[in-house]
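Below you'll find the structure, written out as structure tokens, and then a few comments.
The values are calculated or read from the model by the stated rules, or taken from the named source; none is laboratory data. All of these numbers come straight from a predicted model, not from anything done at the bench. With ideal geometry, Cβ positions are generated from the backbone for all residues, glycine too; neighbour counts draw on all protein chains shown.
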Amino acid sequence: MTQQNPQLDADRRAAFRRGVREMLPMMPAIAAWGLVTGVAMVQSGLTLAQALGLSALAYAGSAQLAVLPLFAGGSPVWVIVLTAIMVNLRFVIYSAVLYRPLAHLSWRRRLMLGYLTGDIGFVIFSRRLHEEPEWPQRGDYFLGLSSVNWVVWHVASFTGILLAARIPREWGLELAGTLALLALLVPFFARRPAAAGVLVSGSIAVMCYDWPLRLGLVVAIGCGLAAALLVERMLHKAQPGAAT
């Protein structure tokens, strides 16, 4: 029979609460983005059931917004799927970063945290991990961050879906959602590979805006990832003692 450790349990609860507290200031940005996504799904022509189901299962606001015009325009399924995959490729990078800090957790817990992972929670966790890399309760802290993100986003998204017809465009929700995304981009400029990826993908997305089937977005994401990897490799080779 496994013995309980009261101090360990208290530390884990404290770490979870710390994650919740540090995510609370980001609630307005998360709520704005979720609300925009919910409203956009209904206004793009999805039924109430389709919008609620997509929001509950996908949990990927940027990918949802990227494919909605494709749904409305009757684009081929392969284009919709490819666009969603390309938009969410950043989660492959997130997984690589999170693997070592969370490797001590059970596979069930890691699977749950993988589903709950969001952009803002990842950024905050990465900062904390840099300050306290060996913190034993980092998994519970990340769960606190991610839980707030998940709850707030879904509540806001469902609210947008249910009230889409009553929310006036004068509220400027599109601007609020854009500002929320910009808030996510700023921390990434601290590292040169990420900054290169953002600049390249953003520039190409603007230049290829008029491409059919939103293929310009797919090309922009692919070029951004390539630029980030190229800069990462160049920096690694430039380090003293790097393998040649």
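Things to note:
- Of all residues in region 224-239, one or more are more than 25 Å from Phe125 (Cβ to Cβ) and modelled with pLDDT under 70.
- Test: residue in region 121-129 that is among the aliphatic types (A, V, I, L, M), more than 30 Å from Tyr209 (Cβ to Cβ) and under 19 Å from the mean Cα position of the chain (by Cα): yes
- Any hit, region 90-108, residues being out of contact with any Gly (no Cβ under 8 Å at 6 or more places or on another chain) and under 20 Å from Met41 (Cβ atoms): no
- Scanning region 4-57 for residues that are exposed (fewer than 14 other Cβ atoms within 10 Å of the Cβ), of a type outside the set (Ser, Thr, Tyr) and assigned to a loop (DSSP other than H, G, I, E, B) turns up Gln4, Asn5, Gly45.
- Residue within region 148-167 that is of a type outside the set (S, T, N, Q), more than 22 Å from Leu52 (Cα to Cα) and either modelled with pLDDT of 90 or more or assigned to a helix (DSSP H, G or I) (or both) present: no
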